[in-house]
Each structure stands twice: as C-alpha cells, then as structure tokens.
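Quick notes on the structure that follows.
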Amino acid sequence: NAGVTQTPKFRVLKTGQSMTLLCAQDMNHEYMYWYRQDPGMGLRLIHYSVGEGTTAKGEVPDGYNVSRLKKQNFLLGLESAAPSQTSVYFCASRAGISYNEQFFGPGTRLTVL
Amino acid sequence: KNEVEQSPQNLTAQEGEFITINCSYSVGISALHWLQQHPGGGIVSLFMLSSGKKKHGRLIATINIQEKHSSLHITASHPRDSAVYICAVRSNTDKLIFGTGTRLQVFP
C-alpha cells in the first residue's frame, strides 16, 4: 500500500518547455488535488477532481491543465513552462466528501529556468 | 488578512523545552488539521480535530471552536522534531485552507 506517489521527484525545465506530473493513489479515493507550495505562502490549490473523468479549477489554475482518465491517477500538465511556475508541487487524495483527512504525496520540486 | 494565521513564523528551542504553536482562523470549519513537513520532505498529517484535545506521544493538539483557535504543543522537544508545522482548516464550503507554516528548529 504505497499511498500517494508522485513522479518525478525533481525536474528542471527551460522556459517554454512542457511536462506532465503524475500522481497516483492506491486507496481508491474519489477526490484528488494538485497544490503548489511557494516560500512564505500556504499551499494553494491548482486543480482538483471529485471523481474519474471530472476536473475543476482551484485558486491558481492559469498555465496548468489536468486530466483524470483513471480513478487512481491525476495528471498535471504545464504546456509552456514559465519561471513563475518554479515551485514544489504536491498531490493529495481524499476518500470523499464525508471524509476530512487528506493524504499527501512526497512532492515534486520543479525549477523553470 | 489570511483566513488562517499561524504564530510564530519561526521558533528555535533547546532540546527538552516545551513548545507551543498557535493557529487562528476566521471562517466556519468542519475540521482543523495539523501537518508536519520535514526539510525537503513530504507532508504528513499529525492530527485532525473538530473539538477538544488529542494526544499522540509527545504531541498534543487542542481546539477552541468558539474562539476559532488551535494550539499544537510538543513536550520534551527533540532535534528530530525540527520541521515546518502547518495548520489547515476544512471550511464549511469544503475548501482546505492552509496557514503559512511555523518553522521549528530544536537544538541539542
């Protein structure tokens, strides 16, 4: 039982490059989230999903896209990376609306040059 | 003003000291979480509270719903407790709102 895993752990991109971050959970959770963590700020929600095939915008969605084709996976895409997207990205999952606890992945440290 | 405020932002302590981290919030909530993040590491859940007090080992978390305030206490602190402690609240609109964290360093 791995919980929430994220791939990759680290990545360096050049401005304008694209990439996809993968989040996987093996707890059969309905809800999945992508956050970014920046110095001096609390975690901010980028996009979330309340079930397979659904996605919704969070607080800071611009420049990112997501997909939830399979229940266990939640992908975060950067189509044209910008230095402002340098951050640590965390994925999280939650069983459902009646459950308050969220489980976090180990994080992906992304640097955009 | 942030909806979740933590204090202090930074805290240093000597091994063995009693530590308190505070969290105040301004929204209606269904639960409050205390999270721990080690340097370069992931985020783990320490406590989830909706009322009263919980204890795990040397860690104690309390919440006062009327005053919209929670505290995290660490008794007999140890260098391995050095981490960032994050308070987060589940709002009544089902949003998880995070504080900016308290960076704790415990020196031997």
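Of all accessible surface on chain B at a 1.4 Å probe, what whole percent is carbon and sulfur? If you can, show how the numbers build up before the last one.
Values: 2570 of 5220 Å².
Accessible surface attributable to carbon and sulfur in chain B totals 49 percent.
Between beta-carbons, use under 15 Å as the cut-off and find the net charge around B:I19, counting Lys and Arg +1, Asp and Glu -1.
Working: positive: B:K55, B:R58, B:R80, B:R103; negative: B:E15, B:E17, B:D81.
My count for the surroundings of B:I19 gives +1.
When you look at the Cβ of every residue in B:97-104, what mean number of other chain Cβ atoms sits within 10 Å? If you can, show how the numbers build up before the last one.
Details: counts 5, 7, 2, 6, 6, 0, 0, 0.
Across B:97-104, the average partner-chain Cβ count within 10 Å equals 3.
So which aspartates and glutamates can A:K71 reach, going by Cα to Cα under 12 Å and dropping same-chain residues fewer than 8 places off?
Within the straight-line limit of under 12 Å, A:K71 reaches these aspartates and glutamates: A:D26, A:E30, A:E52.
Using only the alpha-carbon atoms, what does the protein assembly as shown span along each of its principal axes? Please give whole angstrom values in decreasing order.
48, 38, 37
Determine the per residue accessible area of the protein assembly as shown with all protein chains present and a 1.4 angstrom probe, expressed in square angstrom. Before the final figure, lay out each step's value.
Details: 10700 Å² over 221 residues.
Value for the protein assembly as shown: 48 Å² per residue.
If you filter region A:22-113 for trypsin sites (Lys or Arg not before Pro), then keep DSSP loop positions with at most 14 other Cβ within 10 Å, what is left?
On the way: sites: A:R36, A:R44, A:K57, A:R68, A:K70, A:K71, A:R94, A:R109; in loops: A:R68, A:K70, A:K71.
Qualifying residues, ordered by number: A:K70.
Please compute, for peptide A:98-106, the average count of beta-carbon atoms on other protein chains lying within 10 Å of each residue's beta-carbon. Show your work: numbers first, answer last.
Values: counts 0, 2, 11, 5, 8, 4, 6, 2, 4.
That works out to 5 on average.
Once A and B are treated as a pair rather than alone, how much accessible area drops out, both sides summed, in Å² to 100, probe 1.4 Å? Mind dumping the intermediate values first?
Numbers: alone 6130 and 5900 Å², together 10700 Å².
Protein heavy atoms only, the A-B interface buries about 1300 Å².
Quick one: accessible surface of B:D94, probe radius 1.4 Å, all protein chains present, in square angstrom to the nearest 10.
For B:D94, solvent-accessible area is about 40 Å².
Any idea how far apart A:E52 and B:H56 come out in nm if each label point goes 7 Å out from Cα toward Cβ?
In this crude spin-label approximation the distance works out to 3.1 nm.
Kindly sort B:I65, A:I97, B:I74, B:I29 by accessible area of their heavy atoms, largest first, with the probe set to 1.4 Å. Walk me through the numbers on the way to the answer.
Numbers: B:I65 70, A:I97 100, B:I74 0, B:I29 35 Å².
The ranking, largest first, comes out as A:I97, B:I65, B:I29, B:I74.
Need one value for A:30-41: mean number of C-beta atoms belonging to other chains within 10 Å of its residues' C-beta atoms. Each step should come with its number before you reach the end.
Numbers: counts 0, 1, 0, 1, 0, 3, 0, 6, 1, 2, 3, 4.
Per residue, the average neighbour count from other chains is 2.
Is region B:32-108 rounded, prolate or oblate when judged by the Cα gyration tensor, a ≥ b ≥ c being the square roots of its eigenvalues, rounded requiring a/c under 1.5 and prolate requiring a/b larger than b/c?
Here region B:32-108 falls in the oblate category.
Which loop chymotrypsin sites (Phe, Trp or Tyr not before Pro) in region B:1-71, with loop taken from DSSP, have no more than 13 other Cβ atoms within 10 angstrom of their Cβ?
Details: sites: B:F18, B:Y25, B:W34, B:F47; in loops: B:F18.
Hits after loop and neighbour filter: B:F18.
Within chain B, list the trypsin sites (Lys or Arg not before Pro) lying in a DSSP loop whose Cβ has at most 12 other Cβ atoms in a 10 Å radius. Please report the intermediate quantities before stating the final value.
On the way: sites: B:K1, B:K53, B:K54, B:K55, B:R58, B:K68, B:R80, B:R90, B:K95, B:R103; in loops: B:K1, B:R58, B:K68, B:K95.
Answer by residue number: B:K1.
May I ask which of A:K9/A:K70; A:K70/B:K53; A:K70/B:K68 have a Cα-Cα span longer than 29 Å here?
Details: A:K9/A:K70 21 Å; A:K70/B:K53 39 Å; A:K70/B:K68 39 Å.
Those over the limit are A:K70/B:K53; A:K70/B:K68.
The values are calculated or read from the model by the stated rules, or taken from the named source; none is laboratory data. These numbers come from a predicted model, not from an experiment. Quick reminder, even Gly has a Cβ in these numbers, built from the backbone with ideal geometry, and neighbours come from all protein chains shown. Ligands, DNA and RNA are stripped out before the accessible areas are found, and what is left, the full protein with its side chains, is counted by its heavy atoms. Shrake-Rupley method; radii C 1.70, N 1.55, O 1.52, S 1.80 Å.
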